[in-house]
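Report on the following structure.
The values are calculated or read from the model by the stated rules, or taken from the named source; none is laboratory data. It should be emphasised that the depicted structure is a prediction, and the values quoted were computed from it without experimental measurement. Don't worry about glycine lacking a Cβ; one is built from the backbone with ideal geometry, like all the others, and counts go over all protein chains shown.
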Amino acid sequence: MNFNEIITNFISEYGTTILYSVITIVFTFLGTVCKNLAKKYLNDKTKQAVAKTVVQAVEQIYKDLHGEEKLNMAIDSATEMLAEKGITVTELEIRMLIEAAVGEFNEAFKKTSATTEEITE
């Protein structure tokens, strides 16, 4: 038997098995990449939603707190809520998310106040 016959026999006998294995590996890799991307996207959306909810709740519940105290309360609450969902977050990340939510909250409040002033004039 020469080399070409050995290769031909090997491919004819094991070619489909090897092809199925390669296809399985490729699709498993693609599935894992897609899953990780989806998880990251969903975690980011969840983090933003939790930050908004916490900011609104802290504004309503802790009216006697101000500035840094209110921020610390929001950070603690958001971190705890995210931990319950199995989402890890750094202190800097949660601080930034909360500051962004506060900015959005304040912007909405300013628009509401401006609209109310226009109506009363």
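For the condition among the basic types (Lys, Arg), assigned to a helix (DSSP H, G or I) and more than 15 Å from LYS85 (Cβ to Cβ), LYS39 does not qualify. Scanning the range 64-100 for residues that are over 16 Å from ASN43 (Cα atoms), of a type in the set (Gly, Ala, Ser) and crowded, with 16+ Cβ neighbours inside 10 Å turns up ALA74, SER77. Just one of (1) in contact (Cβ under 8 Å) with a residue 40 or more places away in the chain; (2) touching a helix residue (DSSP H, G or I) at 6+ places or on another chain (Cβ under 6 Å) fails for ALA74. It is (1). Residues in the range 1-52 that are within 27 Å of SER77 (Cβ to Cβ) and surrounded by fewer than 10 Cβ atoms within 10 Å (Cβ to Cβ): none.
Within the range 59-81, the set of residues being among the β-branched types (Val, Ile, Thr) and under 22 Å from the mean Cα position of the chain (by Cα) comprises ILE75, THR79.
Per-residue answers, yes or no, for (1) among the basic types (Lys, Arg); (2) within 17 Å of GLU99 (Cα to Cα); (3) at pLDDT below 85:
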site: VAL33; (1), (2), (3): no, no, no
site: LYS39; (1), (2), (3): yes, no, yes
site: THR46; (1), (2), (3): no, yes, no
site: ALA49; (1), (2), (3): no, yes, no
site: LYS52; (1), (2), (3): yes, yes, no
site: ALA57; (1), (2), (3): no, yes, no
site: ILE61; (1), (2), (3): no, no, no
site: LYS70; (1), (2), (3): yes, yes, no
site: ASP76; (1), (2), (3): no, yes, no
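Condition first: in a loop (DSSP other than H, G, I, E, B), within 20 Å of LYS39 (Cβ to Cβ) and not charged (D, E, K, R). Now tell me which residues in the range 53-99 satisfy that. If the condition is that a residue be in a loop (DSSP other than H, G, I, E, B), within 20 Å of LYS39 (Cβ to Cβ) and not charged (D, E, K, R), then GLY86, ILE87, THR88, VAL89, THR90 are the ones that fit.
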